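Asker: Just dropping this structure here.
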Amino acid sequence: MSVKETELPHFKQPLLRTPFHNRARELSQHDSFVAWAGYTTVDVFTTPEQEYFAVRNATGVFDLTPMVKYRIKGPAAGRYLNHLVTRDVAKLKVNRVMYTVWCNDNGHILDDGTLFRLGEDEYWLCSAERQIDWLLDAAIGYDVTVEEVTEQVAALAVQGPTSCWILKQLGLAGIEQLKPFDIGRFAVEGVEVMASRTGFTGDLGYEIWMPPDKAEFIWDRLMEAGRLRGIRAIGSQALNAVRIEAGFLMPHYDFVSAESTVRLGRDRSPLELGLDWLVDFKKGHFNGRRALVAEQARGVARRLVGLDVAGNKPAHSALLYTEESGRQEIGFVTSALWSPTCKRNIALAIVNAPHFALGSKVWAEIYLNRELVWERRMVQAEVVEKPFFAPERRRVTPPADR
Amino acid sequence: MQAHFDVIIIGAGHNGLVCGALLAKRGKRVLIVEGSAATGGAAGTHEFAPGFRASTAHLLHLMPRALITALGLEQQGLRFAATRMPTTALSAEGNHLSLAADAVAAASPADAAAYPAFTARFTRLAGALRPMLGAPPPRLGTDAWSDRIALLKLGWQVRRLGRRDMRELLRIIGMNAYDLLEDNFSSPLLKGALAFDATLGANLGPRAPGTVLTWLMRQALESADGNTGLAQPVGGMGGLTDALTRAATAAGAEVRTGTRVERVLVADDRVTGVVLGSGESLLAPVVVSNADPKTTFLDLLGPEHLDTGFVRKVDHCRARGVTAKLHLALDRLPAFLNLSQSALKGRLLFSPSMAYLERAFDAPKYGEHSAEPALEITVPTMNDPTLAPSGQHVLSAVIECAPRDLRAGWDGSKDAYQALLLDRLEALAPGLKESVRAVELLTPLDLERRYGNRGGHWHHAELAFDQFLFVRPVPGAAQYATPVQGLFLCGAASHPGGGVVGENGRLAAQAVLAKAV
Ligand SMILES: Cc1cc2nc3c(=O)[nH]c(=O)nc-3n(C[C@H](O)[C@H](O)[C@H](O)COP(=O)(O)OP(=O)(O)OC[C@H]3O[C@@H](n4cnc5c(N)ncnc54)[C@H](O)[C@@H]3O)c2cc1C
């Protein structure tokens, strides 16, 4: 099946369809599709709640084909990547994955993503944004090739407490041996797939990478294998809920790529996003290092933190204040959720210094629309540890056999 | 580890030498490392045929008097074979035009009044820019008082011109030379010659925006008090750079020629020295590069020590040389059609109209060399017989335009181009070809190979608004310091630009003293 709908001129081209599109359309009860990185993908299949609970209690399957993928190859690939991203890529072993961010000269985040080491000199960089221009300019002086392979790989996230069982059932023998961030290669009735123990849910889960022409075959076998373990296709709304619980950042929600900000001060450094642990100042030079060293010496002006908000009304887009009176504005909520699993009203927020310390109390201004009448609530919130939800099963190897 | 020197300078072009001499005078232990066998870079003099010597940069006209004095170059042997050399605009038909004011008046009554008035005003306007050319570029968007004061000074200089001149400067500064000249003069020969000076060395024809700026800069330096005008040092431009070399060594600097720097050493984000071609490492906390930005950052330092945005700017920095150089060894004096012998003591321009010149600059856009080149010709032996065996002569010609990246490649095309150039010269000076004993044609590619500047550009990096002053050669390296601590630039690509000026070297030395050691 062709991924591109037609050979129309580019400005008339509709959104691309992933190789799972036909299957997704069959399962979609709302025909609710949204644009994601140039593809049309499902927002909700049935209800966000049902899909959310599939991930937390059984297994959810999410089509992540539109995730932008770059293949980086060559004798200098490791050195190139070490210069590109903030973490120490020299520590990434073959068949391992690392989450990282990368910055521009000002130490502001261009994107976050996962780096897969597929071989001695071969990596995949999976990201939210298309950025071949930056990746190629970063390659000046390095013996590497950088190529976008998004359309050459189909991918499914299989996430939830029963995911390992289901994948074993599918024929991925030995998948239970994969530790978090491990990569393994398997065959499903002779079709080779790659699996990594990675995901965006903070739960036990895997991502399965396959050739596009085998996508429907794998989908069908997977759904069959999981039938008795509550497998369910999930859309981006449910994924957004679970990632907030896991404390993962969503580009365009929690930060904007520095390449696409227009206004001054809208770009974010990893230190501001609380990703200090991703920044390795000792590994030698990398993009943005000098700016980050200076920022660290100055102290960050704001920080992305977790909030525990009073009440049960999600604090969507709420402005934050020092006091209930709302006189001094000190930040805003970027992502909010009533967490069904934690039974807490949680949020991710950008809070100005010095109010971002753990335990700080802030006030959130929440607007509620009740039958077209807007009500305003000032509720207290506390800066708390992230992630909000981190079950042991996400790490246990081998996972429970269920 | 013990440092061997306080400062290591990569390259003994005239800027590297100025920088090294000034730092040594301030008591720094300085090493100047030059890749070629001789010092001077493009401002050196070389033997291109047995007994015949030529200088790639053949006319000295930009270097401030104060710098020559400060370095004691005359005490070190600098002499002038000629100063205030006159210019003649050649016409193919032999109706040449001397650019002396009275001569212009005689030749073109229409331009008689306009020429002196224009020159006086243009010189006045250029004068307002002069202080800016002799000072480090202010940084934009900082809170530092030094930057604000520098910007205020610049504004003040322009304001001081008075309202009418200030308006005129602001009106013309972004213009192209073609329109400005078209507005003021009628003689095609006069306009062609003036436009030649406005665009010399740049990859910008007279109709390109910003060519008034390059012309103003040239005029600002050339018209400074005490300036020599167009001058020829004894022994060629090498006479100047030899004196500079002596000044540097007299001040205690060590100069090593024939020694290429392979790499700049960095540890903990600081420069620590250089590695030579021999593999030897020399340590110093400061390294100043006379090489162009691409060579310095991409080859010698390496992108791994820089941020990608900066590397991108360096990579995009425009440096496509289109100026070639021709040196002829002649067994007799060339006889230009209808031209007095004394005019050969001066400079000859062949740029018979602005349209002709514009077409010459068109060719490189299509990867071609111009079949009808514009020329700047000198016969240095007229003023300095030591440059050739007795009774014989050297003809030195700047050629516009021949691109570094000739579409057909230079390997198979150079001989044909050389023949074409000789034909063109023969047309201007019949009998010349017969007197030619040896030829040296230096295309921008040859210049790149010889002087190690990527692109083979006259100014190392194009001199245009987007690569000017606070953004020259690229933002982040415009104040001689670079993103890597201890690494500085001092070559033609830094402010104020190319030409045998020396201000780049002086200002870089200032920056080194202010920041480090
Ligand atoms: C054809 C032509 C004609 C010109 N005519 C004139 C003129 O008439 N009048 C005028 O004022 N200007 C003229 N110019 C411009 C002028 O020559 C240059 O702008 C000026 O000489 C540049 O001086 P510099 O010291 O900055 O660099 P350069 O003269 O280029 O010197 C750089 C030096 O660094 C050395 N180097 C580079 N890399 C290394 C390394 N890795 N290790 C060791 N050494 C290294 C090179 O060998 C070179 O000696 C002309 C330019 C050209 C191309």
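Asker: Distances longer than 18 Å among the Cα atoms of the range B:117-222: what percent of all pairs is that?
Answerer: 51
Asker: Sticking with this one: Between rounded, prolate and oblate, where does chain A land on the alpha carbon gyration tensor, with a ≥ b ≥ c its root eigenvalues, rounded for a/c under 1.5, else prolate if a/b exceeds b/c?
Answerer: Taking the square roots of the gyration eigenvalues as a ≥ b ≥ c, chain A is oblate.
Asker: Further, regarding this structure: Pulled fully out, how much extra length does the chain show between residue B:170 and residue B:156, if you take 0.36 nm times their separation in residues and subtract their Cα-Cα distance?
Answerer: Extra length available between residue B:170 and residue B:156 comes to 3.7 nm.
Asker: What size of dipole, in debye to the nearest 20, comes out for the range A:301-384 about its Cα centre when the only charges are +1 on Lys and Arg C-beta atoms and -1 on Asp and Glu C-beta atoms?
Answerer: For this selection, approximately 160 debye.
Asker: If R0 is 30 Å, what FRET efficiency do you get for residue A:296 and residue A:93 from their C-beta distance, rounded to 0.05?
Answerer: 0.60
Asker: Okay, next question. Calculate how steeply helix B:145-159 sits against the longest principal axis of the alpha-carbon atoms of chain B, using the helix alpha-carbon long axis, and give the answer as 0 to 90 degrees to the nearest 10.
Answerer: So the inclination is approximately 20 degrees.
Asker: Give me the angle, in degrees from 0 to 90, between the Cα long axis of helix B:14-25 and the longest principal axis of the Cα atoms of chain B, rounded to the nearest 10.
Answerer: Roughly 40 degrees between the two axes.
Asker: For a Förster distance of 22 Å, can you work out the FRET efficiency between the beta-carbons of residue A:227 and residue A:32, rounded to the nearest 0.05?
Answerer: Computed FRET efficiency for residue A:227 and residue A:32 comes out at 0.40.
Asker: Would you mind computing, in nm to one decimal, how far apart the modelled labels at residue A:50 and residue B:515 are, each placed 7 Å from Cα along Cα→Cβ?
Answerer: Taking the simple label geometry, residue A:50 and residue B:515 are separated by 6.5 nm.
Asker: List residues of the range B:47-69, by number, whose backbone nitrogen lies under 14 Å from a label position 7 Å along Cα→C-beta of residue B:419.
Answerer: In the range B:47-69, the label zone of residue B:419 (backbone N under 14 Å from the point 7 Å along Cα→Cβ) covers no residue.
Asker: May I ask you to compute the full-extension gain from residue A:266 to residue A:380, defined as 0.36 nm times their residue separation minus their alpha-carbon distance, rounded to one decimal in nm?
Answerer: Stretched fully, the residue A:266-residue A:380 segment lengthens by 38.5 nm.
Asker: In addition: Can you bin the range A:337-402 into rounded, prolate or oblate? Criterion: square roots of the alpha carbon gyration tensor eigenvalues sorted a ≥ b ≥ c, rounded for a/c under 1.5, prolate for a/b above b/c, oblate for the rest.
Answerer: On the way: a/c = 4.16, a/b = 1.60, b/c = 2.60.
It comes out oblate by the Cα gyration axes.
Asker: Quick one: putting +1 on the C-beta of Lys and Arg, -1 on the C-beta of Asp and Glu, what dipole do you get for the protein assembly as shown around its Cα centre, in Debye to the nearest 20? Let's see the in-between values first.
Answerer: Details: 100 positive and 99 negative charges, 407 e Å.
Once rounded to the nearest 20, the dipole reads 1960 debye.
Asker: Here is a follow-up. Take the Cα of residue A:191, step 7 Å along the line toward its Cβ, and report every residue of the range A:101-118 whose backbone nitrogen sits under 20 Å from that point.
Answerer: none
Asker: Another one. Where the centre of each part is set by its Cα atoms, how far does the range B:343-383 sit from the range B:283-311, in angstrom?
Answerer: The two parts, judged by their Cα centres, are 35 Å apart.
Asker: With everything on Cα atoms, drop me the angle between helix B:188-199 and the longest principal axis of chain B, reported from 0 to 90° to the nearest 10.
Answerer: 10
Asker: Compute the Rg/Rh shape ratio of the range A:57-126: radius of gyration over Kirkwood radius, all on alpha-carbon atoms.
Answerer: On the Cα set of the range A:57-126, Rg over Rh gives 1.03.
Asker: Work out from phi, with θ = phi - 60° and the Karplus expression 6.51 cos²θ - 1.76 cosθ + 1.60, the ³J(HN,Hα) of each residue of the range A:269-275, listed in order in whole Hz, and give x for Gly and Pro.
Answerer: 8, x, 5, 5, 8, x, 9
Asker: Further, regarding this structure: Restricting things to alpha carbons, tell me how big the range A:301-384 is in terms of Rg and Dmax, in Å.
Answerer: When restricted to the Cα atoms of the range A:301-384, Rg and Dmax are 12.0, 39 Å.
Asker: OK, next. Counting DSSP beta bridges with both partners in chain A, what percentage is antiparallel, nearest 5? Kindly include the intermediate steps, with their values, before the conclusion.
Answerer: Values: 86 of 92 bridges.
Counting DSSP beta bridges with both partners in chain A, the antiparallel share is about 95 percent.
Asker: Using unit Cβ charges (K, R positive; D, E negative) and no other charged atoms, how large, in debye to the nearest 20, is the dipole of chain B about its Cα centre?
Answerer: 1320
Asker: Per the Kirkwood formula on distinct C-alpha pairs, the Rh of the range B:323-451 is how many angstrom?
Answerer: It is 15.1 Å.
Asker: With point charges of +1 on the Cβ of Lys and Arg and -1 on the Cβ of Asp and Glu, referenced to the Cα centre of chain A, which listed residue (A:388, A:109, A:18) lies farthest in the positive direction of the dipole?
Answerer: Towards the positive end, the residue furthest out is A:388.
Asker: Out of A:341, A:271, A:352, whose Cα points farthest toward the positive end of the dipole of the range A:243-402 (charges: +1 Lys, Arg; -1 Asp, Glu; placed on Cβ)?
Answerer: The listed residue farthest towards the positive side: A:271.
Asker: Cross-link list B:28/B:515; A:93/A:283; A:93/A:386; A:12/B:365; A:73/A:93; A:179/A:214: which exceed 24 angstrom alpha carbon to alpha carbon?
Answerer: Flagged as over cut-off: A:93/A:386; A:12/B:365; A:179/A:214.
Asker: If you stretched the chain out fully between residue A:369 and residue A:173, how much longer would it get, using 0.36 nm times the residue separation minus the C-alpha to C-alpha distance?
Answerer: Using 0.36 nm per residue and subtracting the Cα-Cα distance, I get 65.5 nm.
Asker: Say R0 is 30 Å: what FRET efficiency, to the nearest 0.05, do residue A:312 and residue A:393 get from their beta-carbon distance?
Answerer: 0.70
Asker: Could you work out the pair-distance distribution P(r) of the protein assembly as shown from its alpha-carbon pairs, with 10 angstrom bin width and percents rounded to whole numbers?
Answerer: 2, 11, 17, 18, 15, 12, 11, 8, 4, 1, 0
Asker: Where in the range A:140-159 is the amide nitrogen less than 15 Å from a point lying 7 Å along the Cα-to-Cβ axis of residue A:213?
Answerer: A:152-154
We did not get these values from a lab; they are worked out from the coordinates using the rules stated. In this text the structure is predicted, and so the values were computed from the model without any measurement. Cβ: placed from backbone, ideal geometry, glycine included. Neighbour counts: every protein chain shown.
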